[in-house]
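Since the structure comes first, as structure tokens, the remarks are kept for the end.
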Amino acid sequence: MSFANIYGHTKQISMLQKAMAQKRVGHSYIFSGLSAIGKKTLALEFAQAQNCENAALRQDACGQCPSCRKTTHGSHPDIHVLQAQTQFIRIDDVRGIQDQMTFRPLEGGKRVFIIDEADKMNEPAANALLKTLEEPSADNILILVTARPFRLPQTILSRCRHLRFNPLAAGDVARFLTEQKRMEPAHASALASLSGGSIGRALELDAEDMIAFRAGLSGLLRDAGRRDPMSLIVLASFLGQDKKHTQQGLSILHTYFRDALVYRETARASMLLNADDLPVVESLAGRLEGDDLLHNIAVVEKSRQSLDMNANKSLTLDAMAFKLHL
Ligand SMILES: [Zn+2]
């Protein structure tokens, strides 16, 4: 592996490589962003590069040296991934890290601890980790990976370098699906556009079913407007037609409003999640202001949360449709 194997996230990669080149790698990082977009993969890649015997020249892992091979096989003694075994990451898990930190790295490079789903630390664990962050040591790097950075205490957030990861561009998700999963290009690009920029979500989707569903939703969205209340009711009932599709439908709506915002700013189709459905994105971008689009995203997310908490489905969706600025 090397950074070249990472899909997307070029800005974050170049920040890390720059820190390596300047020998100013931090002691503690937070990698935050949507789940299943490659944050942990990049953290491992960074750990590999920190320990690679040939990394000095190009700030990247060679993938060939003994150290790189151990990392690839998950057997490098100085690279550790901590994952919650239960609902929480507990103080004993953090103490395990602290015990190891008292020794020098076994192979003379940097010891890297990656804490996956770091927001699962309970309070005692977070307090214990804070002590480590307050007394950093030169040999150790901590990387907290999370999709919910807002659940981490401010005291931890403020002591880490925070790298925020964007959803992947649809093109990157499609490339992953064709290169790694050998999917047909047409299927891959349709699924990618529905994935919300998450490889994990793309892999969960049933391609043909979702393509048909999105096409239906996109048509209704294009035609919906406040001057025609019936169009809003139809949109709501389409979203509510069956349980499986409701949450996915709200995700898709979110991506269209997000795309319209991006398109208003950049006028570049390559940045869009729904790049293959440009006319609808263009139409939204043309008739709505940025504030309307932000309002719509908030309205969709609020409905999603209400439904998560078992609110009445048709009432929630009807109310949402009438609150949207369309
Ligand atoms: Zn190497």
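Details
- Ile30 long-range amide H proximity, modeled H, under 5 Å: Leu144, Arg161, His162, Leu163
- Within the range 3-164: Cβ-based charge dipole about Cα centre, in debye rounded to nearest 20 (Lys, Arg +1; Asp, Glu -1): 480
- Summary value for the chain: 16 percent relative contact order, contacts being C-alpha pairs under 8 angstrom separated by 6+ residues.
- The aspartates and glutamates within cross-link reach of Lys131, meaning a Cα-to-Cα straight distance under 18 Å and a gap of 8 or more places when in the same chain, are Asp92, Asp93, Asp99, Asp119, Glu123, Asp139.
- Against the main long axis of the alpha-carbon atoms of the chain, helix 313-323 sits at an angle near 80°.
- Furthest towards positive pole of dipole, His162, Ile252, Ser32, structure part the chain, Cβ charges: His162
- Here is how the number arises for the chain: DSSP H runs of 4 or more residues each give -39500 (n - 2.57), the sum is divided by the residue count, and the result at 222 nm is -17000 deg cm²/dmol.
- Solvent-accessible surface ranking, highest first, for Met210, Met15, Met309, Met271 at 1.4 angstrom: Met309, Met15, Met271, Met210
- Listed residues Ile30, Ile233 arranged by accessible area, highest first, probe 1.4 Å: Ile233, Ile30
- Each principal axis of the Cα cloud of the range 1-81 was evaluated for its coordinate range; sorted largest first, these ranges are 33, 27, 23 Å.
- Dividing the radius of gyration of the alpha carbons in the chain by their Kirkwood radius gives 1.03 for Rg/Rh.
- Averaged per residue, the chain has 50 square angstrom of accessible surface, using a 1.4 angstrom probe with ligands and nucleic acids left out.
- Around the amide H of Ile114, modelled in the peptide plane, lie the amide H atoms of His80, Val81, Leu82, Ile143, all under 5 Å away and 5 or more residues distant in sequence or on another chain.
- Accessible surface of the chain, 1.4 Å probe, proportion on carbon and sulfur as whole %: 51
- Net dipole in debye of the range 206-323 [+1 Lys, Arg Cβ; -1 Asp, Glu Cβ; about Cα centre; nearest 20]: 280
- The angle between the Cα long axis of helix 243-266 and the longest principal axis of the Cα atoms of the chain comes to about 80 degrees, rounded to the nearest 10.
- Straight-distance crosslink candidates among aspartates and glutamates, where the alpha carbon sits under 18 Å from Lys302 and sequence neighbours closer than 8 are dropped: Asp291, Asp292, Asp318
The values are calculated or read from the model by the stated rules, or taken from the named source; none is laboratory data. Keep in mind that this is a model prediction, so the values were computed, not measured. Heads up, the Cβs are rebuilt from the backbone with ideal geometry, glycines too, and the neighbour counts pull from every protein chain shown. Just so you know, the surface numbers come from the protein's heavy atoms only, side chains and all, with ligands and any DNA or RNA stripped out. Shrake-Rupley method; radii C 1.70, N 1.55, O 1.52, S 1.80 Å.
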